[in-house]
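Enquirer: This is the structure, below, for whatever I ask next.
Please treat every number below as a calculation from the coordinates, not as lab data. Note that the coordinates shown come from a computational prediction; the quantities given were computed from them, not determined experimentally. Cβ placement follows ideal geometry from the backbone for every residue including glycine, while neighbour counts extend to all protein chains displayed.
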Number of protein chains: 2
Amino acid sequence: MTSKIRIAIDMDEVLADTIDKFIEVYRRDHKTELLLEQMQGKEFHELLPEALNNSWRDYINKKGFFRDLKVMPGAIDVVKALCEQYDVYVVSAAMEFPNSLLDKHEWLAEHFPFIHWKKIIFCGDKIVDVQIMIDDRIRNFAGFKGRSILFSSPHNFDITEYERVNNWAQVADKLL
Amino acid sequence: MTSKIRIAIDMDEVLADTIDKFIEVYRRDHKTELLLEQMQGKEFHELLPEALNNSWRDYINKKGFFRDLKVMPGAIDVVKALCEQYDVYVVSAAMEFPNSLLDKHEWLAEHFPFIHWKKIIFCGDKIVDVQIMIDDRIRNFAGFKGRSILFSSPHNFDITEYERVNNWAQVADKLL
């Protein structure tokens, strides 16, 4: 371990575009169009017709769902640069969906091969001993004493209590 | 999250008897008898004949290896009691062996169903924000400022720098 400042970076909606995958599978399987503009301030699944209400959990539980997510624009280059200056950890609350564990591990190995396995954490509660946390879920900031950076995602649109970044270029501006 | 004291409990050689499994597979597959008495102060694989030197990594990488490990004696009852008084996390450095992730998740669900998924952490470096850590590997205590409790395992036999427990009854004596 080094004495560099430690950063915990979330996966879904921060490194990986999970919502884009949901839009795609609902279009393909249910001919249901989920529009980003309608998601602002809401969970995407609140837009689903009632009959499909809980179907998103079935998708998430399925092996493979997390394996082919798109990388968020700019994430690879900025995270690579962060790794030069900081002690970077990828911290994902993956434990609720055990079939996601191997998918997420392989996805990181494919797109972020410079992140060593020692720097990957799959958990529930994010009780990590870091100084900076970049996350789209404010529940992960609960009890965290460090610098919390909220990564914009439609569901957190209305939240004003945290330092915010809208994209990876803004992460670079703040931290590099 | 609660204000209870947080404990991080390791899996291999603390909750799960990994060495027993190695003894079994080497007996079965290689007619090689690994004796606990000869392991004291050593990694078990140092006892392997040269031709089998690195074979233990192949076992560990195989899906299923961690799924049927025996539970360490007394672990279930003591961990259950700890959960009443403490905020208990199971923290396993599983990330080096991605095929172990689902096995370990299922093993915990079978034997420790009272541990919620939010309280499970699979990682590399154990950078967890807890007050007490129970582990058989002193490398996991590096940089940890809390109370480090070394759980006896043959390989750590000679280490004297840490508070030590030899079994789960002794954990109960100290913490309950």
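Enquirer: Kindly provide the helix-only [θ] at 222 nm of chain B, computed as the sum of -39,500 (n - 2.57) over DSSP H runs of four or more divided by all residues, to the nearest 500 deg cm²/dmol?
Expert: -8500 deg cm²/dmol
Enquirer: Just want to confirm a number: the relative contact order over segment B:1-131, from Cα pairs under 8 angstrom separated by 6+ residues, in percent.
Expert: Values: 148 pairs, mean separation 45.7, N = 131.
Answer for segment B:1-131 is 35 percent.
Enquirer: For segment B:85-140, which chymotrypsin sites (Phe, Trp or Tyr not before Pro) are both in a DSSP coil and crowded by at most 14 other Cβ atoms within 10 Å?
Expert: B:114
Enquirer: In addition: Please label the shape of segment A:61-135 as rounded, prolate or oblate, based on the square roots a ≥ b ≥ c of the eigenvalues of the alpha-carbon gyration tensor (a/c under 1.5 means rounded; beyond that, a/b larger than b/c means prolate, else oblate). Present the calculation step by step, with values, prior to reporting the outcome.
Expert: Details: a/c = 2.03, a/b = 1.26, b/c = 1.61.
Oblate is the answer for segment A:61-135, as a/c is 1.5 or above yet b/c matches or exceeds a/b.
Enquirer: How big is the C-alpha Rg of chain A next to the rule-of-thumb value 2.2 N^0.38 Å, as a ratio? Could you put the intermediate results ahead of the total?
Expert: Values: Rg = 16.1 Å, N = 176, 2.2 N^0.38 = 15.7 Å.
Cα Rg divided by the expected 2.2 N^0.38 Å: 1.02.
Enquirer: While we're here: If we count other beta carbons within 10 Å of each Cβ, what is the order of B:155, B:111, fewest first?
Expert: B:111, B:155
Enquirer: I've got another one for you. Once you have a ≥ b ≥ c as the square roots of the Cα gyration tensor eigenvalues for segment B:18-61, tell me rounded if a/c is under 1.5, and otherwise prolate or oblate according to whether a/b is larger than b/c.
Expert: rounded
Enquirer: If neighbour count is taken as other Cβ atoms inside 10 Å, put B:21, B:42 in order from fewest to most. Provide the component values of the computation, followed by the final result.
Expert: Values: B:21 18, B:42 13.
Sorted ascending by nearby Cβ count, the order is B:42, B:21.
Enquirer: What is the distance in Å between the Cα centroid of segment A:52-118 and that of segment B:45-90?
Expert: 26 Å
Enquirer: State to the nearest 20 debye the size of the charge dipole of segment B:18-61 about its Cα centre, where the only charges are +1 on K and R beta carbons and -1 on D and E beta carbons.
Expert: Roughly 100 debye, rounded to the nearest 20.
Enquirer: Cross-link list A:126/B:70; A:63/B:104; A:4/B:4; A:119/B:80: which exceed 22 angstrom alpha carbon to alpha carbon?
Expert: A:126/B:70; A:4/B:4; A:119/B:80
Enquirer: Can you pull out the GluC sites (Glu not before Pro) in segment B:1-96 that DSSP calls coil and that have at most 13 other Cβ atoms within 10 Å?
Expert: Working: sites: B:13, B:24, B:33, B:37, B:43, B:46, B:50, B:84, B:96; in loops: B:13, B:33, B:43, B:96.
For GluC sites (Glu not before Pro) across segment B:1-96 that sit outside H, G, I, E and B with at most 13 neighbouring Cβ atoms in 10 Å, the list reads B:33, B:43.
Enquirer: Mind pulling up the Rg/Rh value for the protein assembly as shown? Radius of gyration and Kirkwood radius, both on Cα. Write out the running numbers ahead of the final one.
Expert: Values: Rg = 21.7 Å, Rh = 21.9 Å.
With Rg and the Kirkwood Rh in hand, the quotient comes to 0.99.
Enquirer: Using r as the Cβ-Cβ distance of residue B:76 and residue B:46, and R0 as 35 Å, what FRET efficiency do you calculate, to the nearest 0.05?
Expert: Once rounded, the FRET efficiency stands at 0.70.
Enquirer: Considering Cα pairs under 8 angstrom that are at least six residues apart, work out the relative contact order of segment A:77-136 and quote it in whole percent.
Expert: 44 percent.
Enquirer: If I take every Cα pair under 8 Å that is 6 or more residues apart in segment A:128-176, average their sequence separation and divide by the length, what percent do I get for the relative contact order?
Expert: On the way: 50 pairs, mean separation 14.3, N = 49.
Once divided by the residue count of segment A:128-176, the mean separation gives 29 percent.
Enquirer: I've got another one for you. Is there a simple number for the mean count of other chain Cβ atoms within 10 Å of the Cβ of residues in A:122-134, and what is it?
Expert: Numbers: counts 8, 10, 8, 12, 5, 13, 7, 10, 2, 0, 0, 0, 0.
Shielding by partners across A:122-134 averages 6.
Enquirer: Let me ask another. Using a label point 7 Å beyond Cα on the Cα-Cβ vector, give me the inter-copy distances for residue A:166 in nanometres, one decimal, shortest first.
Expert: 6.5
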